[in-house]
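This report concerns only the one structure given below.
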Amino acid sequence: MTRGIRGATTVAVNAADVIINNTKNLIEEMIKKNNVLPEDVSHVFISVTKDITATFPAKGLRELSGWTYVPVMCMTEIDVPNSLELCIRVMMVVNTELEQSNIHHVFQNEAIHLRPDLAKWNKEDK
């Protein structure tokens, strides 16, 4: 079965090293909580808010061992007034036997406000 794993984080500043590190940390937690192997990943979409321009967040994923051949695409999130700033969102599409209700979506930093219901559920699961 193909399932989506959602993740999101924020950065304090639009700086390449911060963007790469926060993205890498987010994806590492998504991998750990869902027992994801790179060969089970169909593709990964990463979107950023318009204020993130210093680098491609996919560089954080590329630092992970075994993730060289996973297709990744970065894009800009739609610019909704009063939405969360400096935000990186990830949609990882994986082949898994997990039921949809057992997928662990990961929200870090200020991104916990995007889906507090899922962020709370996963925080209790740590």
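So if I check each of S42, S47, which one is within 16 Å of N22 (Cα to Cα), of a type outside the set (V, I, T) and outside any loop (DSSP other than H, G, I, E, B)? Can you show your working first?
On the way: S42 fails: within 16 Å of N22 (Cα to Cα).
None of the others qualify; the one that does is S47.
Being buried (at least 18 other Cβ atoms within 10 Å of the Cβ), in a loop (DSSP other than H, G, I, E, B) and in contact with a Leu (Cβ under 7 Å, 6 or more places away or on another chain) is true for just one of I27, I52. Which residue is that? Show your work before the answer.
Numbers: I27 fails: in a loop (DSSP other than H, G, I, E, B).
Unique residue meeting the criteria: I52.
Looking at (1) surrounded by 15 or more Cβ atoms within 10 Å (Cβ to Cβ); (2) in a helix (DSSP H, G or I), which is the one condition that is false for V36?
(2)
Conditions tested, residue by residue: (1) touching a residue at least 40 places away in the same chain (Cβ under 8 Å); (2) aliphatic (A, V, I, L, M).
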site: M1; (1), (2): yes, yes
site: A15; (1), (2): no, yes
site: I19; (1), (2): yes, yes
site: N22; (1), (2): yes, no
site: E29; (1), (2): yes, no
site: V41; (1), (2): yes, yes
site: G60; (1), (2): yes, no
site: E63; (1), (2): yes, no
site: V70; (1), (2): no, yes
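Which one is farthest from I19 (Cα to Cα) among residues in the stretch 80-92 that are of a type in the set (V, I, T) and crowded, with 16+ Cβ neighbours inside 10 Å?
So the first thing to find is which residues in the stretch 80-92 are of a type in the set (V, I, T), and the list is 80, 88, 90.
From the residues that got through so far, the ones that are crowded, with 16+ Cβ neighbours inside 10 Å too are 88, 90.
Numbers: I88: 8, V90: 13 Å.
That would be V90.
Going through the stretch 1-24 one residue at a time, which ones are assigned to a loop (DSSP other than H, G, I, E, B) and either buried (at least 21 other Cβ atoms within 10 Å of the Cβ) or polar (S, T, N, Q) (or both)?
The initial filter retains those residues of the stretch 1-24 that are assigned to a loop (DSSP other than H, G, I, E, B), namely 1, 11-15.
Correct list: V11, N14.
Just wondering, is there one or more residues in the stretch 85-96 that are of a type in the set (D, E) and either more than 19 Å from K24 (Cβ to Cβ) or not in a loop (DSSP other than H, G, I, E, B) (or both)? Can you show your working first?
Here is the first cut: in the stretch 85-96, the ones of a type in the set (D, E) are 85.
Adding the requirement that they be either more than 19 Å from K24 (Cβ to Cβ) or not in a loop (DSSP other than H, G, I, E, B) (or both) leaves 85.
Within the stretch 85-96, one or more residues are of a type in the set (D, E) and either more than 19 Å from K24 (Cβ to Cβ) or not in a loop (DSSP other than H, G, I, E, B) (or both).
Laboratory data are not the source of any read-out in this text; all were calculated from the coordinates shown. What you are looking at is a predicted structure, and each value in this text was computed from that prediction instead of being measured. Because the Cβ atoms are built from the backbone with ideal geometry, glycine has one as well, and the counts that use them run over all protein chains shown.
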